1. I'd like to check something: does segment 764-773 contain any residue that is at pLDDT 75 or above, of a type outside the set (S, T, N, Q) and in contact with a strand residue (DSSP E or B) (Cβ under 8 Å, 6 or more places away or on another chain)?
2. Suppose we keep only residues that are outside any strand (DSSP E or B) and at pLDDT 85 or above within segment 47-57. Which one would you say is least open to solvent (accessible area, probe 1.4 Å)?
3. Listed residues 684, 651; which is over 29 Å from the mean Cα position of the chain (by Cα) and either among the aliphatic types (A, V, I, L, M) or part of a helix (DSSP H, G or I) (or both)?
4. What are the residue pairs meeting all of these: first residue in segment 231-248, first residue within 18 Å of residue 806 (Cα to Cα), second residue open to solvent by 30 Å² or more (accessible area, probe 1.4 Å), Cβ atoms under 7 Å, and 6 or more apart or on different chains?
5. Just need a number here: residues in segment 470-489 that are among the hydrophobic types (A, V, I, L, M, F, W, C) and under 13 Å from residue 303 (Cα atoms).
6. State whether the residues of segment 189-202 include one that is modelled with pLDDT of 85 or more and assigned to a helix (DSSP H, G or I).
7. Can you tell me which residue is modelled with the highest pLDDT among those in segment 605-622 that are farther than 16 Å from residue 527 by Cα and open to solvent by less than 60 Å² (accessible area, probe 1.4 Å)?
8. Which residue out of 177, 208, 172 is surrounded by 14 or more Cβ atoms within 10 Å (Cβ to Cβ), in a helix (DSSP H, G or I) and of a type in the set (Val, Ile, Thr)?
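The values are calculated or read from the model by the stated rules, or taken from the named source; none is laboratory data. In this text, all values refer to a predicted model and were calculated from it rather than measured experimentally. With ideal geometry, Cβ positions are generated from the backbone for all residues, glycine too; neighbour counts draw on all protein chains shown. Ligands, DNA and RNA are stripped out before the accessible areas are found, and what is left, the full protein with its side chains, is counted by its heavy atoms. Shrake-Rupley method; radii C 1.70, N 1.55, O 1.52, S 1.80 Å.
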Amino acid sequence: MSLAKRIVRVEGMSCAVCVRRVEEGLKSLPGMVSASVNFATSKALVEFDEAALDEGAIRKRIEELGYAAQVEAGSRNGHGKTDIIVGGMSCAACVRRVENALKSVPGVEDASVNLATSRATLKYSPRLADWAAIRAAIVEAGYEYLGVYREDAEDPAEAARVKDLLEMKRKVLVGAVLSLLVMAGTMPGLFPFLHSVPRNLMLYALMVLTTPVVFWVGSRFMIGALKAARQKSADMNTLVAMGALSSYVYSALATFFPGLFSSPAGEPFVYFDGAAMIVTLVLVGRLLELKARGRTSEAIKKLVKLTPKTARVIREGKEMDIPVEEVRRGDSVVVRPGERIPTDGTLLSGESTVNESMLTGESMPVSKKAENDVFAGTINQGGSFVFKATRVGSETALARIITLVEEAQGSKAPIQRLADKVASIFVPVVVSIAVVTFLVWYFAVPGHVLSRAILNFVSVLIISCPCAMGLATPTAVMVGTGLGAECGILIKGGESLECAHHLDTVVFDKTGTITRGEPEVTDVVGAPGVSDSDVLGIAAPVEALSEHPLARAIVAAALKGQIGPKTYRAATLDFRSVSGLGARATVGESKILIGSKKFVEAEGVDTRFLEQSAVLFEQSGKTCVFVARDGNPAGIVALADTIRPAAAEAVSRLKKMGLDVIMVTGDRPEAARAIARQAGIERVLSEVLPGGKAGEIRRLQSEGRITAMVGDGINDAPALAAADIGIAIGAGADVAVEASDITLMRDDLLLVASAVELSSLTMRVIKQNLFWAFFYNSIGIPIAAGVLYPFFAILLNPMFAAAAMAMSSVSVVSNALRLRRIWRKRS
């Protein structure tokens with residue numbers, strides 16, 4: 001089975017019922033593994049078997065359900081999609097020829113040419129496609145390659161949202177003006193100039209003014225209701241359409257046949273004002289909701305804007321500017337001060353400082369020199385440099401982050417399942433309650449009046465709001481994951497957010513997570529008559545020739561103390577490394593031994609003067625390197641893997657949040673406890689082999705604990721996958737990042753506590769939203785049905801019911817956006 005993930009933009013959804021309809025429709029397709037629809041983003045995240053299902057079938061199914069669909073190019077895992085401009089085409093035969101030429105290029109999976117726009121749309125693999133070959137294929141076919149097509153406006157989703165906003169603003173304006181005129185005509189007593197207008201003429205005028213409001217301003221509700229009816233379903237559009245049409249049709253019949261609908265006063269009651277205001281107020285709510293929902297995706301918009309549109313590469317000895325899509329692996333790319341780096345790569349020449357805050361959240365610039373990695377979207381703040389492109393297109397760290405955040409924002413938290421279940425039966429239940437309300441008010445209430453029964457029927461339909469239930473979870477998940485991305489915390493989805501909120505135990509790997517993962521010199525003790533700096537000066541020239549991590553740490557300490565091993569290097573002779581024990585060499589006229597106690601003693605060196613210091617260091621979990629010169633002890637260099645600066649503070653924050661903190665390591669107990677004491681961790685699992693870490697996680701889970709595992713290395717991947725929440729240090733191995741649920745983009749353990757705190761805040765907002773959505777409907781519907789009449793008689797007017805319904809969905813989105821303000825205050 002070849003699984004693929006795609007993000008599909010779905011246009012036309014109006015409430016939680018639409019979400020459920022699309023999900024169930026997609027899941028019914030053969031080969032569909034999973035489908036999750038996000039109402040807040042109007043996107044579906046689908047995973048399917050490419051051998052059994054393709055994108056065309058997915059689009060067709062969504063369109064059959066009554067919605068518009070488009071697969072987003074950036075969602076194709078490991079795939080790219082680009083439009084190029086082709087000149088010289090004149091007929092359909094040219095189109096066919098260009099398509100065949102492009103499809104013959106290795107790495108190009110599909111090509112579609114549009115003669116009218118002179119554009120070819122390519123689907124390709126960035127790893128395999130060669131833009132020089134694409135250009136050559138077009139030229140060899142007899143046409144011109146005119147470059148990559150760029151539409152500098154916005155991405156399609158944002159363009160569609162802006163278009164929808166403009167259309168809604170126009171309709172709201174027209175609806176508001178006409179509705180106010182209808183309101184004035186309905187209450188002529190308040191306007192003296194209307195006193196002279198005959199009643200029957202006024203009714204026809206009201207009908208004429210109301211008709212465009214119901215059928216043009218409210219066209220989205222009417223069309224949506226019709227689409228739902230064709231699918232033998234019902235949604236929010238159904239409720240609004242039924243409410244508005246009930247008022248309109250009743251009033252129209254009363255206008256044409258006043259004798260059949262006369263009131264005790266002799267004139268028929270009409271509710272053209274109710275029909276017009278229902279549509280206008282609900283549309284106002286949709287407009288405010290759409291504006292607010294646009295703000296929830298700010299994080300993605302910021303990330304997408306980071307990638308520069310062009311890159312300056314060196315080809316055939318010349319610098320040239322090309323579209324970033326044409327950069328190939330292995331290209332030498334030139335970056336000048338102030339420019340954004342176009343793709344991921346490794347520095348070849350030059351030095352600079354780079355602002356990586358947009359990826360890691362770290363505000364301090366990072367120094368870069370030869371062999372250091374640079375990343376797409378970051379800003380060069382210092383000098384010019386040249387780097388070799390290593391990852392391009394969808395392979396870059398920025399592209400992977402964007403995909404991860406998009407998938408996270410498209411996912412659902414488990415808590416949303418309750419709202420989904422309610423949404424599946426919500427509209428039929430509301431319609432049933434509305435019908436019962438009509439029957440009770442018309443047949444059971446004394447002085448039964450048809451107009452009052454219809455009014456209450458419409459109020460029940462309009463006040464109910466499945467929108468609020470559909471938006472409660474996804475808007476909060478979008479804001480939460482977006483805030484995380486801005487701070488360097490990548491959360492893989494709503495499920496990870498919710499699970500992190502329930503954690504009670506956090507397990508840290510030691511090496512590379514609690515500690516830096518590299519040994520450092522912590523203490524130097526000289527033998528009698530030898531100073532500490534002399535010990536490093538004796539050891540450094542020999543260790544400079546070794547690749548051992550301890551040797552590199554000793555050289556680094558010597559350089560830091562301005563004791564230069566380079567001054568001795570030329571005089572260092574007969575260097576010999578003894579595997580696992582140490583090294584020997586001749587420096588000048590002195591014979592130097594460096595290594596374990598066992599190694600130097602075997603060479604006849606008396607270490608008794610240093611033994612007490614060695615024992616103390618080893619009890620503290622440090623490694624001792626003995627140094628001897630000409631058969632005499634010179635001193636001891638003690639080394640240890642030191643803890644990260646923020647480790648103790650991060651552990652303290654987690655404890656204050658009520659979490660148990662445990663450290664797991666393969667080290668011996670003494671060394672493990674020494675590090676744990678410095679970090680403030682009481683419980684230590686030592687001498688655990690790499691393969692046993694996952695077993696320890698499962699053992700903790702068997703005790704009923706909900707665990708998070710924090711690690712960075714390849715050997716941490718099984719434990720990260722086994723834990724309820726795997727948290728990977730982003731600077732670690734890619735496999736650890738893939739196995740994790742949360743990725744920290746920089747080596748800052750404080751982000752662990754921040755991730756747990758963010759999940760808790762997000763879940764609090766989700767619960768508030770769900771409570772409000774259910775509370776509003778459970779209270780509003782009975783009131784609209786007249787259960788508490790006459791105490792809440794005002795809500796028996798459909799206009800007030802429509803206003804309440806519009807504000808309920810807006811309040812849910814606004815509450816989700818409030819999370820941004822709360823988080824910024826805390827951080």
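1. no
2. 53
3. 684
4. So the pair list comes out as 241/222.
5. 3
6. yes
7. The extreme case among them is 622.
8. 172
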